[in-house]
Amino acid sequence: MPTSIKSVLQETRVFQPANAFVEQANISGMAAYQALCSEAAQNYEEYWARLAREHIVWHKPFNTVLDESRAPFYEWFADGELNVSYNCLDKHLATQPEKTALIFEADDSQVIKISYRELHARVCQFANALKSRNIQKGDRVVIYMPMSIEVVIAMQACARIGAIHSVVFGGFSSRSLNERIENAQACAVITADAQFRGGKMMPLKPAVDEALSMGGCDAVHSVIVYKRAGNDVQWNAKHDLWWHDLIDGLPCTCEPEWVGAEHPLFILYTSGSTGKPKGVQHSSGGYLLGTMVSMQWVFDYKPTDIFWCTADVGWVTGHSYVAYGPLAMGATQVIFEGVPTWPDAGRFWKMIQDHQVTTFYTAPTAIRSLIKLGGELPKQYNLSSLRLLGSVGEPINPDAWMWYYTVVGQSRCPIVDTWWQTETGCHMIAPLPGAMATKPGSCTLPLPGIMAAIVNEAGDEVHDQHGGFLVIKRSFPSQIRTIWGNDERYRKGYFPEEMKGAYLAGDSAHRDEDGYFWILGRIDDVLKVSGHRLGTMEIESALASNSLVAEAAVVGKPHEIKGEAIVVFVVLKGSRPKDAATAKQISEILREWVSKELGPIAKPDEIRFGDNLPKTRSGKIMRRLLRALAKGEEITQDISTLENPAILEQLKHVIQ
Ligand code: WT7
């Protein structure tokens, strides 16, 4: 169990929402929240059915709500038919065709706005382009693109024709891309020539070329390239196609493909504690419903809002709160190509001012780095348009919360600290800002109908403010359906027998005297670096594939801005470096190696060398000891089961 529980418990500040906010809120006051909770408790299925009927335009209405007969392979609204893109676009054409859907701000500050009418036309046209390549319902399409209007079009176009997209974050390496293309058996890749970030042009197409050359990608027959930068690219006439050539002359209407509610909308790869990344598979109907109700409840969405979620579409946040949720609600939203610190750390605040953003959703790691690089900068901008702030990705420390609240939100805007995961599809535990008071560092209470609880190792619920495993006791519409191609890994990982049918989230948490949830961290060996999930195993495998390395163990240690830093303990095939210069040189080689293998986000912060690693007599690496060493703590734990205690002394020191 993480030890941070102490400091968190000392947090006693409580912030009531202002009356003015409560009065206008979609869910106004605790009684309204509780009424929804009891509706869900009394008739769970009918509750979700009501919401699904109210929020989604069904092509064919559903009769069955929840099918648990093949649990944990749950099905929701399975005999209903819909199209997600229809619900995000066509639905708005009659009521608000000229409303701005996307306000795109490029890295260089150029702004392009596009209405729902235009977005619909462009999605239809690109959907026709996909069809012209014979891409069909159920086919997998990998998307490897920068933040752009085009990436939203690509995702929506896939949804329109029933193709299953798998977005790979543009910061991932060619190897990661290769693994994902192969695992999904994708038939097409949509990419760009390059992306711009922080004033620099960064090529994307070469990574696709490299990924395809690594093998396992024979199913790929089309690589569609959006020309963003105009840089030179290698061209493979066999499958490469320019986006603009492909759409040329195609009609701007395209009948949506009606799919069953359980039809997979997308696969999104995420890190687990062991082995290869897992392809989290989401549904169409249940997923869409989750994004919509959370927009309504947690973001208190109003048609007049200017919504801005800063997440990249490469992460689930950018799926649920960029590509789908806001569009399904008919919102106007900002999307941003660049980085928050360029040209300076006031970029976010300037954009909030320029675009009159009302709802701003970002990650604690971004908040911490902006505090450090320019804690006073928000005061130089007019942030009076803001009415609600959000946080996601990792626990937000109370100090960062207070800065966000007072300096950015000017003590006027509630903060919604939203706990959820790639696997849950939408917010699970988060304040409904017009209903409940917030406490810095707590994600507060579950959304109505989300049966979150804390249990012990035996799966029994714990009360009285004890910590334990966070679980969700009943299936909910937006939950993961399976791991692509690996039902067993899904069943074992998320529904282990001890949990008695509950979904095991992989986090530890505790509840305070008001029932508020406080997330403590992961229970598995998954790191959270700048809000991104990284599996220690993946980094270890990448290191082990370097010819210098015999063995490696990866742990996290607290980092002021990134949340966690990556510390690696390495045993070389040759002898351990004895002087600082050699250690530094090999460190650099290995850091670059990991960066190339997995992408810059996985680059280790620190490497230590040893003749061996601390192991039990059965040969298991004792990670808890390594974690303590990484933090520079004295080892007070029991080391009697350790095979080679002397090694600890060696690993204590960073050679420099
Ligand atoms: C893990 C999921 C949710 C979308 C982005 C990350 C941690 C996420 C919070 C929060 C404390 C949080 C958990 C969770 N996490 N949000 N508000 N407070 N921890 O999605 O990469 O699937 O990561 O992120 O550990 O399990 P993800």
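Values computed for the structure shown
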quantity	calculated
Calculated P(r) of segment 398-452 - Cα pairs past 18 Å, %	34 percent
The chain shape via C-alpha gyration tensor axes, a/c threshold 1.5	rounded
Where the Cα pairs of segment 534-589 fall when distances are cut into 10 Å bins, in %	22, 48, 28, 2
Listed residues 357, 326, 308: farthest to the positive end of the dipole of segment 304-449 (Cβ charges)	357
Whole-number accessible area per residue in Å² for the chain, which is evaluated in the context of all protein chains at 1.4 Å	38 Å²
Accessible area of segment 531-623 belonging to carbon and sulfur atoms, whole % at 1.4 Å probe	54 percent
Quotient of C-alpha Rg and 2.2 N^0.38 Å, computed over segment 46-197	1.20
Ordering of 89-102, 395-408 by packing [mean C-beta count within 10 Å, highest first]	395-408, 89-102
Per-bin percent of Cα-Cα distances, segment 340-398 [10 Å]	23, 57, 20
Surrounding net charge for residue 235, when Lys and Arg each add one and Asp and Glu each subtract one, Cβ distance under 13 Å	-2
Cα gyration tensor, segment 266-410 - rounded (a/c under 1.5), prolate or oblate	oblate
Net charge contributed by nearby residues that have their C-beta within less than 12 Å of residue 182 (K/R +1, D/E -1)	+2
Any cysteine of the chain lacking a neighbouring Cys Cβ under 4.7 Å - listed by number	37, 88, 158, 187, 217, 252, 309, 413, 426, 443
Accessible heavy-atom area order of 197, 387, 617, highest first, probe of 1.4 Å	617, 197, 387
Alpha-carbon Debye profile of segment 146-227, log10 I(q)/I(0) at 0.15, 0.17 Å⁻¹	-0.52, -0.66
The chain, helix-only ellipticity at 222 nm - DSSP H runs n ≥ 4, -39,500 (n - 2.57), divided by all residues, nearest 500	-8500 deg cm²/dmol
Listed residue (148, 233, 482) projecting farthest to the positive dipole end of the chain, Cβ model	233
Long-range amide H partners of residue 102 with built H, under 5 Å	114, 333
Rg ratio (alpha-carbon, reference 2.2 N^0.38 Å) - segment 221-260	1.54
Local electrostatic count, residue 500, Cβ distance below 9 Å [Lys/Arg +1, Asp/Glu -1]	-2
Cα-derived Rg over Rh, computed across segment 604-644 with Rh taken as Kirkwood radius	0.96
Value of D in µm² per second that Stokes-Einstein yields for segment 100-175, Kirkwood Rh from Cα pairs, at 37 °C (0.692 mPa s)	247 µm²/s
Cα gyration tensor category, rounded, prolate or oblate, for segment 134-174 with a/c compared to 1.5	oblate
Calculated P(r) tail over 20 Å for segment 527-656, as whole % of Cα pairs	41 percent
Relative contact order (percent, whole number), segment 434-585, Cα cutoff 8 Å, 6+ residue spacing	17 percent
Under 17 Å from residue 573, Cα to Cα: lysines that are on another chain or at least 8 residues apart	584
Viscosity 1.002 mPa s, 20 °C: Kirkwood-radius Stokes-Einstein D of segment 7-51 over Cα pairs, µm²/s	166 µm²/s
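The values are calculated or read from the model by the stated rules, or taken from the named source; none is laboratory data. Note that this is a predicted model, so its numbers are computed, not measured. Glycine also receives a Cβ, built like all others from the backbone with ideal geometry; neighbour counts cover every protein chain displayed. Surface areas here come from the heavy atoms of the whole protein model, side chains and all, with no ligands, DNA or RNA. Shrake-Rupley method; radii C 1.70, N 1.55, O 1.52, S 1.80 Å.
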